[in-house]
1. How do 189, 237 rank by accessible surface area computed with a 1.4 Å probe, from largest to smallest?
2. Can you tell me the accessible area per residue over the chain, all protein chains present, probe 1.4 angstrom, in square angstrom?
3. Under a Cβ-only charge scheme (Lys and Arg +1, Asp and Glu -1), can you give me the dipole magnitude of region 262-341 about the Cα centre, in debye to the nearest 20?
4. Ordering 300, 151 by accessible area with a probe of 1.4 Å, largest first, what comes out?
5. For the chain, would you read off the P(r) tail past 32 Å as a percentage of all alpha carbon pairs?
6. Enter the accessible area of residue 420 (Å², nearest 10), with the probe set to 1.4 Å and all protein chains included.
7. Not counting ligands, DNA or RNA, and with a 1.4 Å probe, what is residue 127's accessible surface area in Å² rounded to the nearest 10?
8. Could you tally the net charge around residue 104, taking each other residue with its Cβ under 14 Å from the Cβ of residue 104, Lys/Arg +1 and Asp/Glu -1?
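The values are calculated or read from the model by the stated rules, or taken from the named source; none is laboratory data. Fair warning: this is a prediction, and the values are worked out from it, not measured in the lab. Please note: Cβ atoms are built from the backbone with ideal geometry, for glycine as well, and neighbour counts cover all protein chains shown. Just the protein is used for accessible areas: all its heavy atoms, side chains included, with ligands, DNA and RNA removed. Shrake-Rupley method; radii C 1.70, N 1.55, O 1.52, S 1.80 Å.
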Amino acid sequence: MDLSFQEHRAHLKDSMTEQQFGFHVLAPTISTIRCGHTTMSLSKHYTSFFRGVRMPSFPLYMKVWKDTMIVTRNLDAHDSILKKGTQITSINGLSSEKLADVMFRFLPADGFSNSLNYIRLSTAFPYYHRNIFGLMNEYEVGYIDSTGRNDLRKVPCYDPDADSLLLEKGNKSLRTETRAVRRPSVRQDRPRIELEKSSASAFMVIPSFEGKKTKKSFYKRSFETIRKEGIENLVIDLRNNGGGNVDNEARLARYLKVKSFRVTDTAAATIRKFGTFGRYFRNNVGNWLVLQFLCSRKSDGAYHLRYWENHLFHPIERNFFKGRVYIIIGGPTFSAASLFCNQLKGQQNITLVGEETGGGQYSNNGLLIPTVTLPNTRIRVRIPLFRMVPDRNAPATGRGVMPDIHVGPTAESVRNGSDLKLERVKSLIRESISNRGS
């Protein structure tokens, strides 16, 4: 017997778990919006309950890109076949390319750039596979064996309860690895710089544009040191920079960009009030104040944030860097980090090396990104209020900022743990020094 619409909704509410509703209703809906800032996370109670809990899952962690999957870790320590470096060709009949295509339908992205989602799968493949496809007693895995032939193998679901016996017996390496995955070092979030005087190069890593005072003082000290040491080549690593404070990225750009610039041509919201839905928004009063007093309504009917559309940023003359700049980018280069890349791309002394950014080039959403808490499930959804168009004359392709020199992963680099992007940058610096000396 067919259910009416109301009965069907009641049936879903009674039969679906929070995880099922989140991943099989909200996630694919959000994915169709094609906004990387519109994201879903399960309720605080759910995440708190499962924090630190090792759950059953597909057993393989893998580096994933385009039509390739390479094992980076096997949770089954006794499996001597599907070990690190093995190329996986299929899982349960789905090729690596088809598998990624299906999983991308549950993941948010800016426009048509899936470079960030490849990183998501590469970082937590068992997590996404479990939440999208569900758990199975065993999986049929296609792989390329040591002789180069295609083969199939059935592998069981990873059982953490059985594996806990290994931990109790003192498997220190596994215990340490698990802890490292769950609690990354806070120090990794701090910007840092290293000098290599032999090549007159400075290597700057900026994992995030969060924080204001720290970044301002770091930039000031760094570029003063670069000037005093006579550095001619600057490498800025933004591969894992997911964005943050737009002021921070603009300030860094002021040490490098030869012309004055605006962060964006357009920063506009379509509505100013949220009515009865406002009570579900975190910091609703603060959002309202920004929309009410810092925005102006223009002829297009949208509310434009005056400061970001009108403010002109000028180069910082003291310690301004005029040498060669190499910016390393990749899928996690997002939001304010992609804005930074977009501002500098095309300048004569700037070279972008790596892979397409996850953040959109023509436009993205951001600035104010309140969290909406759904009243029944308490699932949280981040919804950006402003659409940003950095350069209205740029082609609207829906892609990220493209590198000037593309350097992607290879099966061999995954097996060896090689950093191909950094190696390529160092090669470019050596070539530049050699050409100058000849």
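1. The most accessible residue leads, giving 189, 237.
2. 53 Å²
3. 180 debye
4. Result, largest first: 300, 151.
5. 47 percent
6. 50 Å²
7. Approximately 90 Å² of residue 127 is accessible to the 1.4 Å probe.
8. Charge balance near residue 104 sits at +1.
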